[in-house]
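> Here it is, the structure, as structure tokens.
Derivation of every value follows stated rules applied to the coordinates shown; laboratory data play no part. The model shown is predicted, which means the values in this text are computed figures rather than measured ones. Glycine also receives a Cβ, built like all others from the backbone with ideal geometry; neighbour counts cover every protein chain displayed.
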Amino acid sequence: MAEKKANVKIEDLLNPQNFDFSTVQVLDENGTIVNPDLMPDLSDEELVKLMEDMVWARELFNRSTALARQGRLGFYAPTAGQEASQIGSISVTTEDDFILPGYRDIPQLIKHGLPLSKAFLWSKGHVEGNNYPESLRAYPPQIIIGAQYVQAAGVAVGIKKNGRKGIAMTWTGDGGSSQGDFYEGINFAGAYKAPAVFYIQNNGWAISTPRELQTAAATLAQKAVSAGIPGVVVDGMDILAVYAVSKAARDYAIAGNGPVLIETLCYRFGAHSLSGDDPKRYQPDGIQDEWQAKDPLIRYRKFLTDKGLWSPEKEEEVIERTKEEAKAAIKEADQAPKQKVSQFLRNMYETPDYVTQEQINKYEAKENK
Amino acid sequence: MAQKTMIEAITEALAIELRNDDRTLIFGEDVGKNGGVFRATQGLQDEFGEDRVFNTPLAESGIGGMAIGLALEGFRPIPEIQFFGFVFEVMDSIVAQAARTRYRMGNTRNIPITIRSPFGGGVHTPELHADSLEGLIAQSPGIKVVIPSNPYDAKGLLISAIRDNDPVVFLEHMKLYRSFREEVPEEEYTIPLGKANVVREGTDVSVITYGAMVQESVKAAEVLAEEGVSVEVIDLRTVQPLDIETITASVEKTGRVVVVQEAQRQAGVGSKVIAEISERSVLSLVAPIGFIASPDTVFPFGQAEKDWLPNAEDIADKIRELKEF
């Protein structure tokens with residue numbers, strides 16, 4: 001049989017114009033405003049607050065790294081390089097918003113109201129770290145990559161049903177955008193026009209697997225197209241861009257238009273976690289230097305300094321304050337009561353069943369010896 | 001009192017709880033206008049509106065995640081997983097997320113989710129519809145597993161499950177949906193979770209079972225009665241947590257026990273029941289513990305179901321064996 005000719009040119013369907021997701025930037029690497037139209041409507045004080053929070057996050061990273069190396073913390077996922085992405089996004093929220101962080105999104109949790117001592121307790125492996133007051137609208141850090149996306153869709157549907165003026169906000173990474181739950185989450189939220197803002201913090205690496213190996217898609221934000229929702233790529237080293245896009249996305253979602261997917265292009269300065277990961281094993285030489293030059297603090301520091309809003313003294317003051325805060329928080333965390341297995345058993349069900357009660361009795365007897 | 005099928009009893013329980021508590025929500029694949037593939041939610045969207053009873057996109061993990069999110073927003077979600085063979089797609093939400101939330105959050109949050117799902121052999125479904133997968137859930141701490149064996153129990157247990165502040169997996173055996181009717185009161189009533197039911201009292205041998213195997217066990221008990229053997233049949237009703245007191249009391253009375261499940265020998269909760277009896281009551285036993293279960297293969301192709309599923313005859317043979325031991 002003669003070979004049949006195919007008349008459809010599949011290659012045309014991959015025309016780059018179909019995937020035009022250009023990166024939103026407000027402030028370039030030199031600290032120059034390149035897109036004044038998108039400049040967020042913020043007072044000088046609010047502009048300074050963004051810097052204070054980024055410096056705080058960077059110093060929290062430094063303190064956490066030191067504490068982890070001293071064995072005073074447990075699991076810790078470094079955040080340096082993602083300050084603009086993390087602070088820029090959380091800064092648009094209010095207490096009406098419900099956040100579902102991943103394990104690297106601890107700065108956002110603290111900014112949303114979790115005491116730092118509790119964040120440290122979570123890292124150390126203590127139940128009090130996840131004991132949130134009812135008023136704190138947040139779910140503890142997610143370990144299963146992508147699970148927070150389907151949950152965020154549910155929270156957003158709930159917010160809509162409750163008629164509250166708020167959103168569900170969640171974050172995953174470039175690796176997370178490959179998970180089934182990622183698609184199910186954005187798809188559910190889209191189908192119900194639920195007020196959710198989903199972030200992909202594309203920091204280049206899922207442990208050792210580079211972004212390029214996650215997908216053939218040119219951008220991660222374009223995955224929004226398949227769910228029929230807006231997708232935006234934003235310079236994740238530019239806090240003004242992250243803030244501007246996040247604010248617009250939150251407003252859009254609250255207005256009843258449905259969810260938004262935001263990809264923040266950032267970089268993980270250093271290791272995946274402090275549990276033995278060494279980026280030198282898999283990252284190309286020189287790439288860290290390349291990204292360090294794009295450091296969100298460098299460009300924003302320059303921008304604010306040029307405006308006369310920032311100084312080395314001011315920065316030093318924030319760093320000192322953060323050091324004191326971390327010192328007090330770790331001290332408090334160290335004083336948390338020893339955990340009891342009997343209490344764990346009591347936390348399994350509202351009312352313990354027969355076999356659980358037997359075990360409670362057994363462990364209480366041991367604990368009271 | 002009206003004679004009702006199990007599916008009708010389930011619909012009635014759902015309607016009662018939708019009426020009683022405006023935080024309850026029913027959602028899943030085809031549960032809206034269509035009333036679910038088995039019509040368990042028939043008419044509920046019409047009566048309670050699309051805000052309370054609604055279809056979802058076809059994605060089980062999405063359904064599970066949505067249930068958790070809605071629970072965090074203060075709702076009492078009653079999602080349906082269309083067939084329990086599809087549970088693998090939503091295992092993370094059920095056992096890694098919902099079941100752990102109370103524990104993780106230091107007992108500060110309720111996760112009152114009731115996941116309903118049909119399962120069970122004997123109705124010639126395609127593969128991955130009928131499997132008895134309750135053991136997978138029952139061995140995961142933090143979640144309850146309820147399996148009614150008749151219409152009356154289904155209604156009372158489902159109302160209790162929905163009112164429970166912990167996640168519950170409520171498994172509905174497809175063969176029981178419409179195979180018989182029985183008296184089911186119109187009004188609301190509850191049957192406590194975690195309590196077994198002595199379906200038939202006896203003194204010689206205890207049969208401990210659940211789901212569709214309750215009927216088979218009762219049939220076996222009737223045959224044995226004619227042979228002069230008095231068989232006690234216990235319907236676990238809830239397979240996690242187990243009603244240890246009822247199990248123990250029966251075993252210590254009869255001294256002989258057969259554990260019966262539809263799940264494969266390596267699956268289900270039978271092994272756990274046997275372990276508890278072994279630890280607690282072994283000195284009361286006058287014969288080895290009998291275990292009737294399906295063989296350790298994948299759930300069979302439809303035409304072979306009859307040869308694979310345990311039945312009253314298998315149970316009766318085992319009882320005789322133990323009686324003569």
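> For the stretch A:80-96, what does the Karplus curve 6.51 cos²θ - 1.76 cosθ + 1.60, with θ = phi - 60°, yield as ³J(HN,Hα) per residue in whole Hz, taken in order and with x for Gly and Pro?
Whole-Hz 3J(HN,Hα) from phi for the stretch A:80-96: 4, x, 10, 4, 5, 5, 6, 6, x, 6, 5, 5, 8, 8, 10, 5, 6.
> Give the long-range amide H neighbours of residue B:291: residues separated by 5 or more places, or on another chain, with amide H under 5 Å away, using H modelled in the peptide plane at 1.01 Å from N.
For residue B:291, the qualifying residues are B:259.
> Check the straight Cα-Cα distances from residue A:223 and name the aspartates and glutamates below 18 Å, setting aside those fewer than 8 residues away within the same chain.
The qualifying aspartates and glutamates are A:20, A:174, A:181, A:184, A:212, A:235, A:263.
> Also, quick follow-up: May I ask for the distance between the Cα centers of the stretch B:1-71 and the stretch A:195-226, given as a whole number of Å?
Centre-to-centre distance over Cα atoms comes out at 35 Å.
> Could I ask something else about it? For the stretch B:273-325, just the Cα set please: Rg and Dmax, both in angstrom.
14.2, 43
> Could you run the Karplus curve 6.51 cos²θ - 1.76 cosθ + 1.60 with θ = phi - 60° over the stretch A:158-168 and give me ³J(HN,Hα) per residue in whole Hz, x for Gly and Pro?
x, 4, 5, 5, 7, x, 8, 7, x, 10, 9
> Here's another thing I want to ask about it. Tell me the label-point distance for the pair residue B:180, residue A:302, using the 7 Å Cα-to-Cβ offset, in nm and rounded to one decimal.
Roughly 8.2 nm, to one decimal.
> While we're looking at this one, here's another question. Nearest-5 percent of antiparallel DSSP beta bridges in the protein assembly as shown? Provide the component values of the computation, followed by the final result.
Values: 11 of 65 bridges.
Looking only at bridges with both residues in the protein assembly as shown, the antiparallel portion is about 15 percent.
> Follow-up question, since we're still on this one. Which value results for Rg/Rh of the stretch B:71-170 when Rg is the Cα radius of gyration and Rh the Kirkwood radius based on the inverse mean 1/r? Provide the component values of the computation, followed by the final result.
Details: Rg = 13.7 Å, Rh = 14.0 Å.
For the stretch B:71-170, the value is 0.97.
> Using the Kirkwood radius over C-alpha pairs as Rh, can you work out the diffusion coefficient of the protein assembly as shown via Stokes-Einstein at 37 °C, viscosity 0.692 mPa s, in µm² per second?
118
> Can you tell me the FRET efficiency between residue A:30 and residue A:213 if r is taken as the Cβ-Cβ distance and R0 is 41 Å, rounded to the nearest 0.05?
Numbers: r = 32 Å, r/R0 = 0.78.
According to the calculation, E is roughly 0.80.
> Between helix B:270-281 and chain B, what is the angle of the helix's C-alpha long axis to the longest principal axis, kept within 0 to 90° and rounded to the nearest 10?
Between helix and principal axis, roughly 60 degrees.
> If you project the alpha carbons of the stretch B:1-135 onto their three principal axes, what span does each projection cover, largest first, in Å?
45, 35, 30
> Right, next: Nearest 0.05, what FRET efficiency do residue B:33 and residue B:188 give at R0 = 22 Å with Cβ-Cβ as r? Please list the in-between numbers first.
Numbers: r = 26 Å, r/R0 = 1.18.
Efficiency for this residue pair is about 0.25.
> Right, next: On full extension of the chain, what length is gained from residue B:1 through residue B:304, given 0.36 nm per residue of separation minus the C-alpha to C-alpha distance?
105.2 nm
> Continuing with the same structure: For chain A, compute the orientation-averaged projected area of the C-alpha convex hull (one quarter of its surface), in nm².
On the way: hull surface 103.0 nm².
Seen from a random direction, the Cα hull of chain A projects 25.7 nm² on average.
> Let me know the mean shielding of A:285-291 by other chains, meaning the per-residue number of their Cβ atoms within 10 Å of its Cβ.
Neighbouring Cβ atoms belonging to other protein chains average 0 per residue here.
> Please rank A:273, B:132, fewest neighbouring Cβ atoms within 10 Å first, as an exposure proxy.
Details: A:273 15, B:132 29.
Arranged by neighbour count, lowest to highest, A:273, B:132 become A:273, B:132.
> Moving on to the next point. Please compute, for peptide A:157-164, the average count of beta-carbon atoms on other protein chains lying within 10 Å of each residue's beta-carbon. Intermediate values should be presented prior to the final figure.
Values: counts 9, 10, 3, 2, 8, 5, 0, 1.
Shielding by partners across A:157-164 averages 5.
> Over all pairs of distinct alpha carbons, what does the Kirkwood formula give as the hydrodynamic radius of the stretch A:179-281, in Å?
Working: mean 1/r = 0.0685 Å⁻¹.
Here the Kirkwood hydrodynamic radius works out to 14.6 Å.
> Let me ask something else. For the stretch A:61-153, take every pair of Cα atoms, bin their distances at 10 Å starting from 0, and report each bin as a whole percent.
So the P(r) values, bin by bin, are 16, 51, 31, 3.
> Find the all-direction average of the projected area of the Cα convex hull for the stretch B:158-232, expressing the result in square nanometres with one decimal place.
On the way: hull surface 25.2 nm².
The orientation-averaged projected area of the Cα hull of the stretch B:158-232 comes to 6.3 nm².
> Taking only the Cα atoms of the stretch A:1-144, how large is their convex hull per residue, in Å³? It would help to have the intermediate numbers written out before the result.
Numbers: hull volume 35.5 nm³, N = 144.
Dividing the Cα hull volume of the stretch A:1-144 by its residues yields 247 Å³.
> Separate question: Where does the stretch A:312-369 land on Rg(C-alpha)/(2.2 N^0.38 Å)?
Numbers: Rg = 20.5 Å, N = 58, 2.2 N^0.38 = 10.3 Å.
Taking N as the residue count of the stretch A:312-369, the ratio is 1.99.
> Given springs between every Cα pair under 10 Å in a Gaussian network model of chain B, which of B:276, B:127, B:187 has the largest fluctuation?
B:187
> So if I average 1/r over every pair of distinct C-alpha atoms in the stretch B:229-325 and take the inverse, what Kirkwood radius in Å does that give? Let's see the in-between values first.
Working: mean 1/r = 0.0705 Å⁻¹.
14.2 Å is the Kirkwood radius here.
> Now, a different point. Over all alpha-carbon pairs of the stretch A:169-219, lay out the pair-distance distribution in 10 Å bins, whole %, shortest bin first.
24, 51, 22, 3
> For residue B:53, enumerate residues with amide H under 5 Å from its amide H, sequence gap 5+ or separate chain, H modeled in the peptide plane.
Result for residue B:53 returns B:26.
> If a paramagnetic tag sat 7 Å from the Cα of residue B:265 along the Cα-Cβ line, which residues of the stretch B:283-319 would have the backbone N under 12 Å from that point?
Within reach of a label on residue B:265, which here means backbone N under 12 Å from a point 7 Å along Cα→Cβ, the stretch B:283-319 contributes B:291-297.
> Semi-axes, largest first, in whole Å: what does sqrt of 5 times each Cα gyration tensor eigenvalue give for chain B?
Numbers: eigenvalues 223, 83, 70 Å².
Sorted largest first and rounded, they come to 33, 20, 19 Å.
> Go through the stretch B:8-87 and name the GluC sites (Glu not before Pro) that are in a DSSP coil and have 14 or fewer other Cβ atoms within 10 Å of their Cβ.
B:50
> Viscosity 1.306 mPa s, temperature 10 °C: Stokes-Einstein D of the stretch A:235-280 from its Kirkwood Cα radius, in µm² per second? Provide the component values of the computation, followed by the final result.
Values: Rh = 12.8 Å.
D = 124 µm²/s.
> OK, next. Which angle between 0 and 90 degrees, to the nearest 10, do you get for helix B:151-163 versus the longest principal axis of chain B when only C-alpha atoms count?
50
> What would the Debye equation give as log₁₀ I(q)/I(0) for the stretch A:212-362 at q = 0.08, 0.10, 0.12, 0.13 Å⁻¹, counting only Cα atoms as equal point scatterers?
-0.50, -0.75, -0.95, -1.01
> Could you sort A:152-161, A:230-239, B:266-275, A:355-364 so that the peptide with the highest average Cβ count within 10 Å comes first and the rest follow in order? Walk me through the intermediate numbers first.
Numbers: A:152-161: 29.0, A:230-239: 26.3, B:266-275: 19.9, A:355-364: 15.4.
Highest-to-lowest ranking by the protection proxy: A:152-161, A:230-239, B:266-275, A:355-364.
> Per residue, how big is the convex hull around the C-alpha atoms of the stretch B:78-127? Give it to me in cubic angstrom, could you? Intermediate values should be presented prior to the final figure.
Values: hull volume 3.7 nm³, N = 50.
Dividing the Cα hull volume of the stretch B:78-127 by its residues yields 75 Å³.
> Considering the Cα positions of the stretch A:261-312, please state its Rg to one decimal place and its Dmax as a whole number of Å.
14.9, 42
> Calculated from DSSP H runs of 4 or more alone, at -39500 (n - 2.57) each and per residue, what is the 222 nm mean residue ellipticity of chain A, nearest 500?
Values: 15 runs with 164 residues, N = 369.
Helix contribution divided over all residues of chain A: -13500 deg cm²/dmol.
> Mind listing the Cα extents of the stretch B:88-245 along all three principal axes, in Å, largest one first?
55, 38, 33
> Give me Rg/Rg_expected for the stretch A:119-161, where Rg uses Cα atoms only and Rg_expected = 2.2 N^0.38 Å with N residues. Intermediate values should be presented prior to the final figure.
On the way: Rg = 12.3 Å, N = 43, 2.2 N^0.38 = 9.2 Å.
That works out to 1.34 for the stretch A:119-161.
> When the Karplus curve 6.51 cos²θ - 1.76 cosθ + 1.60 is applied with θ = phi - 60°, which whole-Hz ³J(HN,Hα) does each residue of the stretch B:33-44 get, with x for Gly and Pro?
Going residue by residue, I get 3, 6, x, x, 5, 9, 6, 5, 10, 3, x, 6 Hz, with x marking Gly and Pro.
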